[in-house]
Amino acid sequence: AASDVYKRQIMNSTVQASGDVANFCVDGGIRNTSSIDIEGDLQKLKVNKTVSDTDMNIEGTLGSAKIGGDLRNATILTSAIDQLLIGDDLDDTRIGVTDDLLRLKAEDTLNLTLRVSGTLHNLQVKRDLDGGLISALNGIGTIKVGQDLNRSTIVSGIDIGADFTLDVASGGDDTEWGNVVIEKIQVKGDMIDSNIAAGVNANGSFYGDGND
């Protein structure tokens, strides 16, 4: 049977679970170089305050996840995400999903790197998407940005790999091209110094090398 984890707060600590976890609840926050390692599915994650300077490695699926404050300076690795709801800002964070991500929502983002090796179904940012790299190998459904899209790259049909970088030369670990559909991108503010790509002829092996 799946276990439950309840903590007042997690600081400079490691929490490990050898199987599925039904509920992982933290009354406060998770911070100060902490790590969460789940060897199965994590069905429900609820953190009432901020998560920062934290690595989360979930070998199975992350079901419903809700963080009441910021998510910053963190890494989340998992096989799939049903929904990840951030109550405030999503900053300087890497999220890697080897299958599908159904829903990701945040108030504001800065330097978000999102790697989805399956399909990104829905991404919603209430304010700005700034300095982001958003990639999905098997297509993108809907992305909504409430204000500005600034200094960001959104690509459908590329898996940027475990290094979380868009490689423009040989020697990287990118995979190109999957299902290159982007169904809808809505930006209510300005689009500044940003790129959106789907179905691009790379004119060689790599997108972004200047000769696409």
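The values are calculated or read from the model by the stated rules, or taken from the named source; none is laboratory data. Because the structure is predicted, anything quoted here is derived from the model rather than measured. Heads up, the Cβs are rebuilt from the backbone with ideal geometry, glycines too, and the neighbour counts pull from every protein chain shown. Just so you know, the surface numbers come from the protein's heavy atoms only, side chains and all, with ligands and any DNA or RNA stripped out. Shrake-Rupley method; radii C 1.70, N 1.55, O 1.52, S 1.80 Å.
The alpha-carbon of Lys49 sits under 23 angstrom from the alpha-carbons of these lysines, leaving out residues fewer than 8 places away in its chain: Lys7, Lys66, Lys105, Lys126. Rounded to whole numbers, the Karplus 3J(HN,Hα) couplings from phi for the stretch 94-105 are 10, 10, x, 10, 7, 10, 9, 10, 7, 8, 10, 9 Hz, using 6.51 cos²θ - 1.76 cosθ + 1.60 with θ = phi - 60°, and x at Gly and Pro. Roughly how many percent of the accessible protein surface of the chain is carbon and sulfur, given a 1.4 Å probe and a whole-percent answer? Carbon plus sulfur share of accessible area: 39 percent. When only Cα pairs below 8 angstrom with a gap of at least 6 residues are kept, the stretch 75-120 shows a relative contact order of 41 percent. Our summary of shape: the Cα atoms of the stretch 81-152 have principal axis extents of 27, 22, 20 Å, ordered from largest down, in whole angstrom. Relative contact order of the chain: 11 percent, from C-alpha pairs under 8 Å at least 6 residues apart in sequence.
Any idea what the dipole of the chain comes to, in debye rounded to 20, about its Cα centre with Lys/Arg Cβ at +1 and Asp/Glu Cβ at -1? So the magnitude is around 840 debye. Each Lys or Arg adds one and each Asp or Glu takes one away; over the other residues whose Cβ falls under 11 Å from the Cβ of Thr98, this sums to -3.
Per residue, how much accessible area does the chain show when a 1.4 Å probe rolls over the protein heavy atoms, in square angstrom?
Working: 9560 Å² over 212 residues.
The answer is 45 Å² per residue.
Over all orientations, the stretch 39-117 has a Cα convex hull whose mean projected area works out to 4.1 square nanometres.
Here's how it looks for Thr33: its modeled amide H is under 5 Å from those of Asn12, which are all 5 or more places away or on a different chain.
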